[in-house]
Amino acid sequence: NKPFLYQLSPKGEEYLRDVEGLDFTNAPAIKRKHQDFEHEVMSSAISASCELNTLNSKYEFTPQHELGVSINMAIEGDTLKPDGAFRLSNLRNQVLVFREEDRGTEPLFSKAKRKSIEANLQLWKKAIGGGIYKDHFNVKHGALLLFSTVRQSRMERILDMIDSMFPNGCPYILLQNRPEFGWNFESPQVLNVLGTKCFRSYKKSPYFRFL
């Protein structure tokens, strides 16, 4: 089998070549920026924690790969690409939960074509608020967006943004602050994601917990 390289520096390749005797001549490699690697660690940790949080609970967890279709959704000439998705269900109801992880590398606003948090939330407004996800996944039940960021101040600014986008409030966009994945990046642990209070721009009920 050919070795598969991920996030290896030239020195790392040299070490494995000289010490381990591995040949990288024909090895496929993924070259990514360091910030992309940290984002994937954050995304993976939150995804795994969500599933572990449902153990011994009243909810059944359906992982992304068992949802039956790609989670990417075409919306008016654009494509919405969530970081992940899963379904929670019990005897009474079920809900589709999309995930977005934000480490503060994207601007909140942008007048250019560059991706921004505002532009992304506008797509979610159409996907969930407009019901596009129901046709895409062929479901009738509800959906939520779990949006995790890494600084309290940034989370508050995003809440202000949602306030301006939804004059009557928005019950389906849920925000959490996850400082573990900020500038002082920590080793992933099992996080109480579904048992932690989420914030939302919804005066009737500004807080939400899954479990």
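Listing for the model above:
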quantity	calculated
For the range 102-179, size of Cβ-based charge dipole, Lys and Arg +1, Asp and Glu -1, in debye	260 debye
Mean shadow area of the range 32-140 over all directions, Cα convex hull, nm²	8.1 nm²
Under the Karplus curve 6.51 cos²θ - 1.76 cosθ + 1.60, θ = phi - 60°, whole-Hz ³J(HN,Hα) for the range 99-105, x wherever Gly or Pro sits	10, 10, 10, 10, 9, x, 8
Label zone at Lys134 (point 7 Å along Cα-to-Cβ), backbone N below 16 Å, the range 58-96	94-96
Distance violations [Cα-Cα > 22 Å] among Lys58/Lys125; Lys125/Lys204; Lys111/Lys197; Lys81/Lys111; Lys81/Lys203	Lys58/Lys125; Lys111/Lys197; Lys81/Lys203
Where N is the number of residues in the range 133-211, Cα Rg divided by 2.2 N^0.38 Å	1.22
Largest to smallest accessible area among Arg87, Arg209 [probe 1.4 Å]	Arg209, Arg87
Interchain or long-range residues, amide H under 5 Å from Arg178's placed H	Thr149, Val150, Arg151
Other-chain or far-sequence residues with amide H under 5 Å of Leu22's (modelled H)	Arg17
Note, ³J(HN,Hα) from phi for the range 180-185, Karplus 6.51, -1.76, 1.60, rounded to Hz, x at Gly and Pro	4, 10, x, 5, 8, 5
Under Karplus coefficients 6.51, -1.76 and 1.60, residue-wise ³J(HN,Hα) of the range 54-71 in Hz, glycine/proline x	8, 4, 6, 10, 7, 9, 9, 9, 10, x, 4, 5, 9, 6, x, 9, 5, 7
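The values are calculated or read from the model by the stated rules, or taken from the named source; none is laboratory data. Computed from a predicted model, the values in this text were never measured in an experiment. Cβ: placed from backbone, ideal geometry, glycine included. Neighbour counts: every protein chain shown. We work out accessible area using only protein heavy atoms, side chains counted, and drop any ligands, DNA or RNA first. Shrake-Rupley method; radii C 1.70, N 1.55, O 1.52, S 1.80 Å.
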